[in-house]
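Taken together, the values in this text are just the output of simple stated rules run on the coordinates, not laboratory data. Here the structure is a predicted model, which means the values were calculated and not measured. Heads up, the Cβs are rebuilt from the backbone with ideal geometry, glycines too, and the neighbour counts pull from every protein chain shown.
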Amino acid sequence: MNLAKKYILYLIRWQLSTPILAIVLNLLTDIPTIWATIIANLIGGLIFFWVDKIIFRKKSDVPLWEIKDEVKCVDCKKMGRGYRVVSWGKYDRSEDKNPKYRCRECSLKKMNQIKK
Ligand SMILES: [Zn+2]
């Protein structure tokens, strides 16, 4: 997604917070406006954190590699320098809690799988 497209999407997304604000302010007429606004923004924040995360997700055309020494290849069990693709286009393992490393040969095979 290019920046102009992201910008337009972000402006539309800002407008989506308008009904939340309007509904909450209409429902919570018994409490001070400032508190109703705080509650509305809290609800909006809970929702739009995830929406914004999608809008600002970075997708790279080139693979981002992580290289680590003295690891066991998950495929052939060979010890040595390990490689893994952290992110590449829609493929994203940046939050992976158990990252899998592969030797050079196995990592190239894996890379060809991701490419498809
Ligand atoms: Zn291997």
Dipole magnitude (debye, nearest 20) for the chain, charges at Cβ of Lys, Arg, Asp, Glu: 980
Normalised alpha carbon radius of gyration of the chain [divisor 2.2 N^0.38 Å]: 1.66
Can you list the chymotrypsin sites (Phe, Trp or Tyr not before Pro) in the range 72-106 that are in a DSSP coil and have 16 or fewer other beta carbons within 10 angstrom? none
Would you compute, from DSSP H runs of 4+ residues alone, the mean residue ellipticity of the chain at 222 nm, taking -39500 (n - 2.57) per run and dividing by the full residue count, rounded to the nearest 500? -18000 deg cm²/dmol
How much FRET efficiency would the formula 1/(1 + (r/R0)^6) give for GLU66 and LEU108, where r is the Cβ-Cβ distance and R0 is 22 Å, rounded to 0.05? 0.90
Could you give the angle, 0 to 90 degrees to the nearest 10, between helix 33-55's Cα long axis and the longest principal axis of the Cα atoms of the chain? 30
In the range 23-105, the GluC sites (Glu not before Pro) that sit in a DSSP loop and have at most 11 other Cβ atoms within 10 Å of their own Cβ are GLU95
Alpha-carbon centroid distance for the pair the range 18-89 / the range 96-112, whole angstrom: 25
Nearest 0.05, what FRET efficiency do PHE49 and LEU21 give at R0 = 25 Å with Cβ-Cβ as r? 0.95
